[in-house]
């Protein structure tokens, strides 16, 4: 009877045959990405200033191998600019009905990112973006987080372990997407018993070159396989399968709850590519190392020749013929005061060999290559606070730094665009998985702790009714995300504080000057200007209300005196202004007194 039930059960949609076909697709993707993988491994050596390992030459190994840090310093400076402009999301509604949900999301979303350790992910992704040209972040749902409640997980992905169809510009256009990882074989067998005895897979993962010896004999390659297929109504569904050594471990198509729904409701691969310099027909780009390494190689080779020249010039060397009769051991021993010679020495048989010192042209050429590297990387001295040409004013230095940081601003804007895509994916995961209400602690406007309840109810579709009260369908809240810097730069905070002080000194916050201040603010643009405009409007409104209240009180007082029959209060008369003749006489008397 049990055998009959097993025969009647349908075969799983994803089995060993489908996994074998996915492995063949993966090998095809790997072959198309082989050149990119080699470039990534090479760039990592350049970043670690270990690029001399590429030259397999014994003559090179015997010579000095200097590695100057000009390339590293340029990348570190770009990374510092990125961290000074750490992004902060602001959710805007597209419909008036969604304003409450957008306001709540603006407070909850930064907390979710903080709990996911996004700042560290942002930093790691920027290092990879600058080194390799592409930073990749993965936005996943972790059902085991928070004691089984589940939470959103954000990770910085190693692009060396990611594979897509060669020739696509957007990974969402790839029919398959693979993410590889190396995990301990014994731990995998404990978690999935079907892997016991299944080792030695046919998939190899590309690895960086390290100084340490990393043993991978006891590790297996685990593949996260994402793929798209049409679902009900023509909607594209994204499905997920995890397999190792040809054995499927989990497949969303084999899950009855997700077979017709897809693994993620948003229908996208949960990866966001942040490209520095775009390449055609590839979702990956190239970075600053690809631009600077030729110039850095020239600088290091010049330094090698200069170091070798200095060493030779500082060392005493001699030309000695075989019949000179000089004791070579005593000659090489610098501690000896007397060197024995048999016979008679002459300039032809023994003389000192002197190496010419460094030429000024060599140093000038080396410095010109250093300046060239600074120019092509945009890492000029002014960007780091250095000045020349007699520039000493703080405002002038700030203006030069602002003009010199346009390359940094451009690459930060591309990171903000990628960050907006990540926030949309986070909101979609909230909409799908935040079934139970959660409480988030946020900081209020006055610094107090505010505990805000939140669930997916305010993100999911709501019924739409017409005038007769008949439901015509549902409408899903849609939001726009704007990105701003979180003011982590000290220079940005100082600039903001100076702007606030100038507005105060010019009387912008004086209620009597509200109209003039608003007219001036309409022509200005700085971060936080909307809050300043709102405060000035409030001041003007309060001033008008206070003036109206004073006039009302004056009228009430006048009515009260009229009812009681009291006379009007006598106001002191102002002295009449002197006429023109009187003013001339006063000025004449004043001049006589001064004389």
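The values are calculated or read from the model by the stated rules, or taken from the named source; none is laboratory data. Remember, it's a predicted structure, so these values are computed and weren't measured experimentally. So basically every Cβ, Gly included, is an ideal-geometry build from the backbone, and we count neighbours across all protein chains shown.
Annotations
- Test for residue 197: is it farther than 30 Å from residue 230 by Cα and exposed (fewer than 13 other Cβ atoms within 10 Å of the Cβ): yes
- Inspection of the stretch 555-567 identifies no residue that is modelled with pLDDT of 75 or more and within 30 Å of residue 80 (Cβ to Cβ).
- Residue that is in contact with a strand residue (DSSP E or B) (Cβ under 7 Å, 6 or more places away or on another chain) and farther than 20 Å from residue 178 by Cβ, where the choices are 270, 230: 230
- With respect to (1) at pLDDT 90 or above; (2) crowded, with 16+ Cβ neighbours inside 10 Å; (3) assigned to a strand (DSSP E or B), the lone exception for residue 229 is condition (2).
- For the condition under 24 Å from residue 154 (Cβ atoms) and either in contact (Cβ under 8 Å) with a residue 12 or more places away in the chain or more than 33 Å from the chain's Cα centre (by Cα) (or both), residue 237 qualifies.
Yes/no per residue for (1) surrounded by 22 or more Cβ atoms within 10 Å (Cβ to Cβ); (2) over 30 Å from residue 311 (Cβ atoms); (3) touching a helix residue (DSSP H, G or I) at 6+ places or on another chain (Cβ under 8 Å):
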position	(1), (2), (3)
96	no, yes, no
99	no, yes, no
105	yes, yes, yes
116	no, yes, no
151	no, yes, yes
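- If you check 267, 262 for being part of a loop (DSSP other than H, G, I, E, B), surrounded by fewer than 20 Cβ atoms within 10 Å (Cβ to Cβ) and on the phi > 0 side of the Ramachandran plot, only one passes: 267.
- Any hit, the stretch 194-209, residues being out of contact with any helix residue (DSSP H, G or I) (no Cβ under 6 Å at 6 or more places or on another chain), in contact (Cβ under 8 Å) with a residue 60 or more places away in the chain and in a strand (DSSP E or B): no
- One residue stands out among those in the stretch 57-81 that are more than 26 Å from residue 122 (Cβ to Cβ) and part of a loop (DSSP other than H, G, I, E, B): the one that is modelled with the lowest pLDDT, which is 57.
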